[in-house]
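The values are calculated or read from the model by the stated rules, or taken from the named source; none is laboratory data. Not measured: the values here are computed from a predicted model. Using ideal geometry, Cβ is built from the backbone for each residue, glycine included, and neighbour counts are taken over all protein chains shown.
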Amino acid sequence: MGIYQEHALEGASAVDLVVALYDGILRFLYAASGAVERNDATARRIAVKRALDIIIHLQARLRMEVGGRPAQALSEFYASIFAQILQASQSASQQKFEHAIECVRSVRDAWRQVAKSSGVPVADSSSEATPATVHLPQRAGSSERDAASAVHWTA
């Protein structure tokens with residue numbers, strides 16, 4: 001499977017690669033959630049570390065001077081989802097992992113929509129409809145006023 005994936009990614013566009021990274025985050029979050037269900041703390045920690053490594057990679061590659069407000073919104077999303085995943089792991093909460101999965105899937109689907117609207121083919125890895133607008137999750141501890149001015153990113 002690894003060789004197949006390597007060859008599939010060789011000719012991939014930048015958007016394809018971003019979608020593949022989001023798919024990786026989702027795969028590891030599902031693994032972490034499954035580990036919680038099995039009460040396997042070691043597997044949970046390994047899966048969480050892998051998901052967080054991908055998030056760190058994505059955030060480190062943001063170019064704020066080029067991306068402007070969308071890049072800032074993604075940076076905030078990565079910081080928020082990083083914290084959510086840590087909280088889910090610390091409390092060994094399947095519910096918190098499911099929320100993180102939902103948030104990541106929403107942004108991943110927006111990237112897929114970007115690819116579709118720009119004519120870049122992206123392999124369909126889900127049967128769900130793809131939303132055109134992503135509402136980034138509100139950060140823990142933020143006020144109602146902050147929520148009202150939250151970033152909504154449209155693909």
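Summary table below
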| read-out | value |
| --- | --- |
| Residue ID - surrounded by the fewest Cβ atoms within 10 Å (Cβ to Cβ), chosen from residues in the range 56-80 that are among the small types (Gly, Ala, Ser) and closer than 23 Å to residue 99 by Cβ | 79 |
| Some residue of the range 34-46 being within 15 Å of the chain's Cα centre (by Cα) and in contact (Cβ under 8 Å) with a residue 24 or more places away in the chain | no |
| Residue, modelled with the lowest pLDDT, within the range 1-29, restricted to residues that are in contact with a helix residue (DSSP H, G or I) (Cβ under 8 Å, 6 or more places away or on another chain) and outside any helix (DSSP H, G or I) | 12 |
| Test: residue in the range 76-91 that is farther than 18 Å from residue 29 by Cα, hydroxyl-bearing (Ser, Thr, Tyr) and at pLDDT 90 or above | no |
